[in-house]
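One structure below.
The values are calculated or read from the model by the stated rules, or taken from the named source; none is laboratory data. Please read these numbers as outputs of a predicted model, since none were measured by experiment. A quick note on method: Cβ atoms are made from the backbone with ideal geometry, for glycine too, and the neighbour counts reach across all protein chains shown. Quick note on the areas: whole protein, heavy atoms, side chains included, nothing else; ligands and nucleic acids left out. Shrake-Rupley method; radii C 1.70, N 1.55, O 1.52, S 1.80 Å.
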Amino acid sequence: MSDCLLPTMCTITGRKQDTADVFTLSIDPPDGEFPFEPGQFNMLYIPGVGESAISISGRPAEANKLVHTIRAVGDVTRLLGIRETRERIGVRGPFGTGWPISQAAGKNVVIVAGGIGLAPLRPVIYAIADRRDDYGDVSLLYGARTPADVLYREELLEWKRAGVLDLAVTVDAARSDWSGDVGVVTNLVGRIHSDPAATVAMLCGPEIMMRSTARALLDIGVEEANIAVSMERNMKCATAFCGHCQLGPYFVCKDGPVFFYPDVAPYWQQREF
Amino acid sequence: MKQFLDLLAEHSFFRDLPREDLEFIATCGRNVAFKAGTPIAREGDPADAFYVIRKGRAAIEMYAPGRGSLRVQTVGEGDILGWSWLIPPHRWVFDVRALQDVRAIAMDGRCLRDKCDANHEVGFQLMRRFAQILTRRLEATRIQLLDLYSDKVV
Ligand SMILES: Cc1cc2nc3c(=O)[nH]c(=O)nc-3n(C[C@H](O)[C@H](O)[C@H](O)COP(=O)(O)OP(=O)(O)OC[C@H]3O[C@@H](n4cnc5c(N)ncnc54)[C@H](O)[C@@H]3O)c2cc1C
């Protein structure tokens, strides 16, 4: 895009309610095409209200369609949630670093997602599915709040059926008619059978969930340098200028959101970062 | 017996335990199977075993009048189920139900307690392993309590 500080107004072409508070918008991309790397995000803008950093959740190979999965939590995201097809919203991006997909080629892949954290990881799964033979074992460990909060349910089952990935879903709370797992996503790490030394892990979710999952992965022998995490910080400019998203020496908007464990772990121990 | 010993030795819980110690406690174990939907343990019943799950999934639940069985956690392949055999008064604190067909090794609690009393080194090794499991389970439960995916954005 020409000016990274100026949003382009784009038309919403599709809207899907995924769960009670999560929806997916398809948008006509600026300039007709929108190439991106899985893990990158856009700033979505509601004129007169503000902007939110939202990851791109669509298919990397489908550059003519821009897709975002959004959880309605506050001013901007709630208003995005009531925007109708054919209405327009502002888009700036794409910003930030991507997941280490090429580093994972030839290795096993463990994707660990918590809640809305599955959205930034979905493009990784699309990319892997397109070149499945390039990867070893692929597992998705996914934690959600309740069974009703599980995102992309049909797609997950389809990927499992097609042998794209091994799927393990766990929820924090469920009634007795749920036959799946209950408990934190970290509990599922023990079920990975692939060689941990040849595994690349990609983690996205609340920071506490990523910290405890990273510890569990290190425990089973996954190497620090092969654990990638997506960090979330309050963002304003998204161009490494305003400093809102600073994390130690890094700007999450430019040096991240995807980091490797050794780069961010020191700041996980420090308060007020 | 050889096969059974190997089954035990393969499990991460028993890994690194000297062969003679494993043989010493293996006599307390036996293979068991539970059909999907059947109870494995009931709150208040004597806790006379712990289980090394080999296949399938089981739910740890508590019954509340008017609300039915409330699910706290599930355990599956590779997990250890039950530590009440170790801690007086040796009674199950939760209900456990097989959600799928479950195959497990049941380790007899009374038999193990006697062995631990007779051989403190083996007892210490078992305690150490259970302490690890308890700590992990407690950490997981605390994180679960935080309700990280609720709409309070943290
Ligand atoms: C790189 C990146 C990618 C993201 N990707 C997605 C995505 O794909 N889908 C999605 O639904 N959300 C995503 N988010 C989170 C999203 O940016 C925030 O939920 C959104 O900005 C909230 O804006 P709001 O105006 O709706 O809420 P506000 O009214 O601004 O705030 C509501 C509450 O959320 C808190 N909050 C706002 N922004 C953040 C933040 N970034 N981190 C922590 N707390 C915050 C506020 O303090 C307040 O308590 C991402 C964030 C980042 C940094």
### Query
Sorting A:F260, A:F23, B:F124 by accessible area (1.4 Å probe), largest first, what list results?
B:F124, A:F260, A:F23
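Quick check: at a probe of 1.4 Å, how many percent of the accessible area of chain B sits on carbon and sulfur atoms? Display every interim value, and only then the final one.
Details: 4580 of 8550 Å².
Ligands and nucleic acids excluded, carbon and sulfur reach 54 percent.
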### Message
How large is the translational diffusion coefficient of the stretch A:61-156 in µm² per second when you combine the Kirkwood radius over alpha carbon pairs with Stokes-Einstein at 20 °C and 1.002 mPa s?
### Response
137 µm²/s
### Query
Quick one: putting +1 on the C-beta of Lys and Arg, -1 on the C-beta of Asp and Glu, what dipole do you get for the stretch B:26-154 around its Cα centre, in Debye to the nearest 20?
180 debye
### Query
How about the stretch A:58-74: which of its residues lose at least 20 Å² of accessible area in the presence of all protein chains relative to their chain isolated, using a 1.4 Å probe?
A:R71, A:V73
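So what's the back-of-envelope 222 nm ellipticity for chain A, counting only DSSP H runs of four-plus at -39500 (n - 2.57) apiece and dividing by all residues, rounded to 500? Intermediate results must be reported in sequence, preceding the final value.
On the way: 7 runs with 55 residues, N = 273.
The helix contribution divided over chain A gives -5500 deg cm²/dmol.
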### Message
Testing the spin-label approximation: label points 7 Å from Cα along Cα→Cβ at B:C111 and A:L157. State their distance in nm.
### Response
4.3 nm
### Task
Assign one of three labels to the stretch A:8-95, namely rounded, prolate or oblate, based on the Cα gyration tensor with a ≥ b ≥ c the square roots of its eigenvalues; rounded applies when a/c is under 1.5, prolate when it is not and a/b is larger than b/c, and oblate otherwise.
rounded
### Summary
On the accessible surface of chain A, probed at 1.4 Å with all protein chains in place, carbon and sulfur together account for a percent value of 48 percent
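Mind listing which trypsin sites (Lys or Arg not before Pro) in the stretch B:30-119 are in a DSSP loop and have 11 or fewer other Cβ atoms within 10 Å? The partial results should precede the final answer.
Numbers: sites: B:R30, B:K35, B:R42, B:R54, B:K55, B:R57, B:R67, B:R71, B:R91, B:R97, B:R103, B:R110, B:R113, B:K115; in loops: B:K35, B:R42, B:R57, B:R67.
Here the trypsin sites (Lys or Arg not before Pro) that fit, given the DSSP loop and packing criteria, are B:K35, B:R67.
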### Task
Pull out the extension gain between A:N234 and A:V73, defined as 0.36 nm times the separation in residues minus the alpha carbon to alpha carbon distance; nm, one decimal.
56.6 nm
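Let me make sure I get this right: for the stretch A:101-267, a, b and c are the square roots of the gyration tensor eigenvalues over alpha carbons, sorted descending. Under 1.5 in a/c it's rounded, otherwise prolate if a/b > b/c, else oblate. Which is it?
Values: a/c = 1.61, a/b = 1.33, b/c = 1.21.
Prolate shape, in that a/c is at least 1.5 and a/b is the bigger ratio.
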### Task
Would you mind telling me the antiparallel percentage of the DSSP bridges in chain A, rounded to 5?
55 percent
### Query
Going by alpha carbons, how many degrees (0 to 90, nearest 10) lie between the helix axis of B:120-145 and the longest principal axis of chain B?
10 degrees
#### Entry: Subset of A:K160/B:K55; A:K107/A:K160; A:K65/A:K236; A:K16/A:K160; A:K65/A:K160; A:K160/B:K35 violating a 27 Å alpha-carbon distance limit
none
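If you keep only loop residues by DSSP, which trypsin sites (Lys or Arg not before Pro) in the stretch A:224-270 have at most 15 other Cβ atoms within 10 Å of their Cβ?
Details: sites: A:R233, A:K236, A:K254; in loops: A:R233, A:K236.
Listed in order of number, the matching sites are A:K236.
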### Task
Just check the stretch B:4-152 against the gyration tensor rule for me: Cα atoms, a ≥ b ≥ c as the square roots of the eigenvalues, rounded for a/c under 1.5, and otherwise prolate or oblate depending on whether a/b exceeds b/c.
prolate
## Note on the structure
Checking the stretch A:168-273 for GluC sites (Glu not before Pro) in a loop per DSSP with at most 12 other beta-carbon atoms within 10 Å yields A:E272
### Spin-label zone in the stretch B:57-86 - amide nitrogen under 18 Å from a point set 7 Å from the Cα of A:A173 along the C-beta vector
B:60-74
### Task
For A:G205, list long-range residues whose amide hydrogen, built 1.01 Å from N in the peptide plane, is under 5 Å from its own amide hydrogen.
A:G114, A:S230
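Using a probe radius of 1.4 Å on protein heavy atoms only, what is the accessible area buried between chains A and B, both sides summed, to the nearest 100 Å²?
On the way: alone 12800 and 9630 Å², together 20280 Å².
It comes to approximately 2100 Å² buried between A and B.
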### Message
Stokes-Einstein diffusion coefficient for the protein assembly as shown at 25 °C in a medium of 0.890 mPa s, Rh from the Kirkwood formula over Cα pairs: what value in µm²/s?
### Response
105 µm²/s
